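Below: the structure, in structure tokens.
The values are calculated or read from the model by the stated rules, or taken from the named source; none is laboratory data. As the structure is a prediction and not an experimental result, all values here were calculated from the model. For neighbour counting, all protein chains shown are included, and Cβ atoms are generated from backbone atoms with ideal geometry for every residue, glycine included. What goes into the accessible areas is simple: the full protein's heavy atoms, side chains included, and nothing from ligands, DNA or RNA. Shrake-Rupley method; radii C 1.70, N 1.55, O 1.52, S 1.80 Å.
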Amino acid sequence: MKKKHQGSKVTAEEVIKSRRNKILDRRGWGELGVRLAGLILVFYILFSKVFIVCQLNGNAMFPSLKDGDLVFGFRLENEIQKDDLILYEMDREICVSRVVAKETDYVDMDEEGKLYVNGAVQSGEILYPTEPKELLKYPYHVPEGYIFVLGDYRTKASDSRDFGPLPEEAIKGKVITSVRRRGF
């Protein structure tokens, strides 16, 4: 390799090396762009087809979930069980409720605020009484292809007592976790 002296001209070797570095810089930016686009595509697929994330509005699921909590759901869950928390769409809004009865189950409520599913009292950790509302006649038989959902804050929640059973097609996902955004 030739040494440069002050005032001497740039050698051909240095010019070639400089051009090669510029080409590599462009190639590096191109590779970064391709990787970034691939990462964005992966996130889009994950959060439009596999997972769902929403912020909870209201206290219908209090104390399990609070207003402002971030809720993460899994869209590919096909087997919804009783007592699962699900995400569903109602009036263009994503809502969260607890599944208390599935198709062919009988749901009943008494004056004391007790919930019965297929004749068995459902107690669990629900702090609020379950009172019937005017829409449905109890005992209510859940039709095939539908589920019966209730909010945990039973005295304030809007749920199947207000809008009837929920079609299984309305389910957007099963809640897998939540992040408490208030009251840390």
List the pairs whose first member sits in segment 68-92 and is open to solvent by 70 Å² or more (accessible area, probe 1.4 Å), whose second member is of a type outside the set (F, W, Y) and in a loop (DSSP other than H, G, I, E, B), and whose Cβ atoms are under 7 Å apart, counting only residues at least 6 apart or on separate chains? K82/K102
Within segment 66-94, restricting attention to residues that are aliphatic (A, V, I, L, M) and within 13 Å of the chain's Cα centre (by Cα), which residue is nearest to T130 (Cα to Cα)? L85
Can you tell me which residue within segment 128-150, out of those that are without any contact (Cβ under 8 Å) to a residue 40 or more places away in the chain and either assigned to a strand (DSSP E or B) or hydroxyl-bearing (S, T, Y) (or both), is nearest to P63 (Cα to Cα)? Y128
Scan the strands (runs of 3 or more DSSP E) fully inside segment 45-127 and keep the ones with 2 or more residues being within 16 Å of D159 (Cα to Cα), touching a strand residue (DSSP E or B) at 6+ places or on another chain (Cβ under 9 Å) and among the small types (G, A, S). 93-101
Out of (1) open to solvent by 70 Å² or more (accessible area, probe 1.4 Å); (2) more than 30 Å from P132 (Cβ to Cβ), the odd one out for G28 is which? (1)
Residue hits (segment 128-156; within 17 Å of C95 (Cβ to Cβ), open to solvent by 50 Å² or more (accessible area, probe 1.4 Å) and in contact with a strand residue (DSSP E or B) (Cβ under 6 Å, 6 or more places away or on another chain)) are Y146
Only one of these is in contact (Cβ under 8 Å) with a residue 24 or more places away in the chain and either in contact with a Cys (Cβ under 9 Å, 6 or more places away or on another chain) or under 27 Å from F47 (Cβ atoms) (or both): V107, V179, V117. Name it. V179
If you go through segment 157-178 one residue at a time, do you hit one that is over 23 Å from the mean Cα position of the chain (by Cα), surrounded by 11 or more Cβ atoms within 10 Å (Cβ to Cβ) and assigned to a loop (DSSP other than H, G, I, E, B)? no
